[in-house]
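First the structure, in the form of structure tokens, and then the observations on it.
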């Protein structure tokens, strides 16, 4: 597995970091606190960028500030490229820039327990100047309002102005809860057998939709969904490991 957590410690003229901080924090003052800048300094930096682009990025008549339509298009189309340039520059410099500051992360409980948790000690040892705050939640919620810098989730990202990056592919296996289950019910010979009264399936709830995930099977390019008869629905598969 390979994943990157990046905390920014921007210079005063790092427009990408300043703009992103305003979007994440919701106000110029809160963005200034994150960046170690004064509110007037943040305002002047955005004013210079707006003058250069000849568009208005933020609607300052609301509290918190919000993106204008032009600002939203700028963040969706331009900011990912600026972020890519920043990462490329860091890679070219051999990672000389230290990762420091405070990083607040919204993490899926299963990802946190099984994949991320065992790697935290090595990660924090590699970045001694970083303060990491992990909060496990089964729902993404409103990242900006809740003050998160980053979220790690399973599944397809929902439509939003957030920038999503794929970290890894995971496989899902169909298994019996215990050997005794196979002894009582027999081993299903085909996926379709799971949809019969002979078997009882455990359903897992999709936190985004509130409905159980479908039992989906793939063989080469064929995709099959089996209608199961689950009587138990969980939102945390770890319950079965207790």
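Taking each residue as 0.36 nm, the span from residue 166 to residue 146 lengthens on full extension beyond its C-alpha to C-alpha distance by 5.0 nm.
Determine, for 201, 100, the number of other Cβ atoms within 10 Å of each Cβ, and report the residues in order from fewest to most. Mind dumping the intermediate values first?
Numbers: 201 17, 100 14.
Going from least to most buried by this count: 100, 201.
A simple spin-label model places the labels of residue 235 and residue 175 2.4 nm from each other, with each point 7 Å out along Cα-to-Cβ. Sorting the segments 205-215, 170-180, 67-77, 101-111 by their residues' average number of neighbouring beta-carbon atoms within 10 angstrom, most packed first, yields 101-111, 67-77, 205-215, 170-180. The mean sequence distance of close C-alpha pairs (under 8 Å, at least 6 residues apart), as a share of the length of segment 100-168, puts its relative contact order at 47 percent.
Relative to the current alpha-carbon distance between residue 130 and residue 197, full extension at 0.36 nm per residue lengthens the span by 18.8 nm. Cα centroids of segment 102-165 and segment 14-54: 24 Å apart. With a simple spin-label model that places each label point 7 Å from the Cα along the Cα-to-Cβ direction, the separation between residue 206 and residue 224 comes to 2.1 nm.
A Förster distance of 35 Å, applied to the separation of the beta-carbon atoms of residue 54 and residue 100, puts the FRET efficiency at 0.50. Let me know the shape class of segment 118-242, please: from the alpha-carbon gyration tensor, a ≥ b ≥ c as square roots of the eigenvalues, rounded when a/c is under 1.5, otherwise prolate if a/b is greater than b/c, or oblate. Note, shape of segment 118-242 comes out prolate.
Is the C-alpha gyration tensor of segment 179-241 telling us rounded, prolate or oblate? Criteria: a/c under 1.5 is rounded; beyond that, a/b larger than b/c is prolate, otherwise oblate.
On the way: a/c = 1.90, a/b = 1.11, b/c = 1.71.
Because a/c hits 1.5 or more and a/b fails to exceed b/c, segment 179-241 counts as oblate.
What is segment 109-151 by shape, rounded, prolate or oblate, if you read a ≥ b ≥ c off the alpha carbon gyration tensor as root eigenvalues and call it rounded for a/c under 1.5, prolate for a/b larger than b/c, and oblate otherwise? Judged from the Cα gyration tensor, segment 109-151 comes out oblate (a/c at least 1.5, b/c at or above a/b).
Bear in mind that the values in this text are calculations on the coordinates, not laboratory data. None of the values given here were measured: they were computed from a predicted structure. Every residue, glycine as well, gets a Cβ built from its backbone with ideal geometry; the counts of neighbours run over all protein chains shown.
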